[in-house]
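Take a look at the structure set out below.
The values are calculated or read from the model by the stated rules, or taken from the named source; none is laboratory data. Computed from a prediction, not measured in an experiment: that's the story for all the values here. Glycine gets a Cβ as well: all are built from the backbone with ideal geometry, and neighbour counts include every protein chain shown. Note: accessible area is taken over every heavy atom of the protein model, side chains too, but ligands, DNA and RNA are not part of it. Shrake-Rupley method; radii C 1.70, N 1.55, O 1.52, S 1.80 Å.
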Amino acid sequence: SKLYRWDLVCNLALVILAIVTNIWFIKLFGITGAALATLVSFFAINALRTAFLYYHMRIHPFTWSMLWVFLLGAASIILMEWVPDAEPFWIDIPIRSFVFTLFFAVPVELLKLSPDINAYIEKALRTVFPNRFS
């Protein structure tokens, strides 16, 4: 395809954008700036790739239900801020994992919002409970 060269252009743009944003954001925010630079770089390049796909091929990799998955995930992360810290950390991790699973994975599975996520959850359930979910 003649369009493959645009993948190279996007990858080069990602490298340049990552370098520039890292220099800029690390000066402003320290180590958190590196994470922010990565977020900005990948978001910008993936938005560009998505727009490119839609413009040239009239396909879009996302559905409206993915918006609900994103919003549910964001709401779950916000709810996680209200979960009090438990000490020691090895007790805190299972508690937070359970709460996140309760507020994110369970609704995604019950509402059948994402075939990919649902297939992954069902595979995990079959692994953990082989006799019950076959």
request  = Taking a cut-off of 16 Å between Cα atoms, list the aspartates and glutamates near residue 123, but don't count ones fewer than 8 places away on the same chain.
outcome  = 109
query = Over all distinct alpha-carbon pairs, what is the Kirkwood Rh of the chain in angstrom?
reply = 18.4
query = Roughly what angle does helix 31-57 make with the longest principal axis of the chain, taking Cα atoms, 0 to 90 degrees, to the nearest 10?
reply = 70
query = Rounded if a/c is under 1.5, else prolate if a/b is larger than b/c, else oblate: which is the range 33-82, with a ≥ b ≥ c the root eigenvalues of its Cα gyration tensor?
reply = oblate
message = Rounding to the nearest 10 and keeping the result within 0 to 90°, find how far the Cα-based axis of helix 89-100 lies from the longest principal axis of the chain.
response = 80
request  = Per DSSP H run of at least 4 residues, take -39500 (n - 2.57); add these up for the chain, divide by its residues and hand me the 222 nm value, nearest 500 deg cm²/dmol.
outcome  = -25500 deg cm²/dmol
task = Show which aspartates and glutamates lie in cross-link reach of residue 112 when reach means a straight Cα distance below 20 angstrom and same-chain residues fewer than eight apart are skipped.
result = 122
key: Of 4, 99, 76, farthest towards positive along the dipole that unit charges on Lys, Arg, Asp, Glu beta carbons give the chain   = 4
query = Counting Lys and Arg as +1 and Asp and Glu as -1, each charge on the Cβ, what is the dipole of the chain about the Cα centre in debye, to the nearest 20?
reply = 640
remark   = In the range 27-134 the accessible area split gives carbon plus sulfur, as whole percent at 1.4 Å, a share of 74
task = Specify the angular offset, from 0 to 90 degrees and rounded to the nearest 10, of the alpha carbon long axis of helix 64-80 from the longest principal axis of the alpha carbons in the chain.
result = 60
